[in-house]
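S.K.: Quick one: the structure is below, questions incoming.
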Amino acid sequence: TIIQKRGGSLGATGSVLFGFHKKGQFFFDKAIHKNLSEDRLLELGLEHGIEDVADENDSFVVTCSVENYMSLKQAFIDAKLEPDNSELTMIPDNYVKVSNEQAQKILNMVEALDDLEDVQNVYTNLDLDDLDEKELEALMG
């Protein structure tokens, strides 16, 4: 399998799932939404189940529970604040830091899995926050 060929091993069904939680996420590009702030997003979202607003360099990322996803999405639309992207995704409870060599192997495996026709999504708890864009591009080959 792709996993074994790249030095990994496959756990039992659901063995890793406990470390992830399904969440809704909304992405707001700061270049597009120039007057947007964390406070404004929190103000809009508090009544609709917002859990977190993260300021991630070029964008704001809003997180909510799956149950509140549609309500929060509608609240943004009603406020004429349409997100640039939104999705239901799996968020890890804990992130794992690895060496650049390990990160390269993992990213190559994730890319190979993602290329498989039968695979819909691939999630990882890999922590790449310390890498700049050039380092990340180099790792991905």
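S.K.: With of a type outside the set (Lys, Arg) and assigned to a loop (DSSP other than H, G, I, E, B) as the only criterion, which of Leu81, Leu72, Leu88, Leu42 stands out? Explain how you work it out, then say what you get.
M.R.: Numbers: Leu72 fails: assigned to a loop (DSSP other than H, G, I, E, B); Leu88 fails: assigned to a loop (DSSP other than H, G, I, E, B); Leu42 fails: assigned to a loop (DSSP other than H, G, I, E, B).
The match here is Leu81.
S.K.: A follow-up question, please. Within the stretch 60-112, which residues are under 22 Å from His21 (Cα atoms) and small (Gly, Ala, Ser)?
M.R.: Ser65, Ser71, Ser86
For every residue, the table says whether it meets (1) modelled with pLDDT of 90 or more; (2) surrounded by 14 or more Cβ atoms within 10 Å (Cβ to Cβ); (3) on the phi > 0 side of the Ramachandran plot.
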site	(1), (2), (3)
Ile3	no, no, no
Arg6	no, yes, no
Phe26	yes, yes, no
Asn35	yes, no, no
Leu41	yes, yes, no
His48	yes, yes, no
Asn68	yes, yes, no
Leu72	yes, yes, no
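S.K.: Check Leu139, Leu131 and return the single one that is at pLDDT below 90, surrounded by 11 or more Cβ atoms within 10 Å (Cβ to Cβ) and more than 21 Å from Ile2 (Cβ to Cβ). Give the derivation first.
M.R.: On the way: Leu139 fails: more than 21 Å from Ile2 (Cβ to Cβ).
Sole residue among the options that is at pLDDT below 90, surrounded by 11 or more Cβ atoms within 10 Å (Cβ to Cβ) and more than 21 Å from Ile2 (Cβ to Cβ): Leu131.
S.K.: Which one of the conditions (1) open to solvent by 50 Å² or more (accessible area, probe 1.4 Å); (2) in a loop (DSSP other than H, G, I, E, B); (3) aliphatic (A, V, I, L, M); (4) at pLDDT 90 or above does Ala12 fail to meet, given that it meets all the rest?
M.R.: (4)
S.K.: Among Asn100, Asn94, Asn125, which is open to solvent by 60 Å² or more (accessible area, probe 1.4 Å) and modelled with pLDDT of 85 or more? Explain how you work it out, then say what you get.
M.R.: Values: Asn100 fails: modelled with pLDDT of 85 or more; Asn125 fails: open to solvent by 60 Å² or more (accessible area, probe 1.4 Å).
None of the other options fit; the residue is Asn94.
S.K.: Sticking with this one: Every residue in the stretch 45-69 that is touching a strand residue (DSSP E or B) at 6+ places or on another chain (Cβ under 6 Å) and outside any helix (DSSP H, G or I), please.
M.R.: Taking the stretch 45-69 as the starting set, the residues that turn out to be touching a strand residue (DSSP E or B) at 6+ places or on another chain (Cβ under 6 Å) are 49-54, 59-64, 66, 69.
Those that are touching a strand residue (DSSP E or B) at 6+ places or on another chain (Cβ under 6 Å) and outside any helix (DSSP H, G or I): Gly49, Ile50, Glu51, Asp52, Val53, Ala54, Ser59, Phe60, Val61, Val62, Thr63, Cys64.
The values are calculated or read from the model by the stated rules, or taken from the named source; none is laboratory data. These numbers were taken from a predicted model, which means no experiment stands behind them. For neighbour counting, all protein chains shown are included, and Cβ atoms are generated from backbone atoms with ideal geometry for every residue, glycine included. Accessible surface is based on the protein model in full, side chains and every heavy atom, while ligands, DNA and RNA are left aside. Shrake-Rupley method; radii C 1.70, N 1.55, O 1.52, S 1.80 Å.
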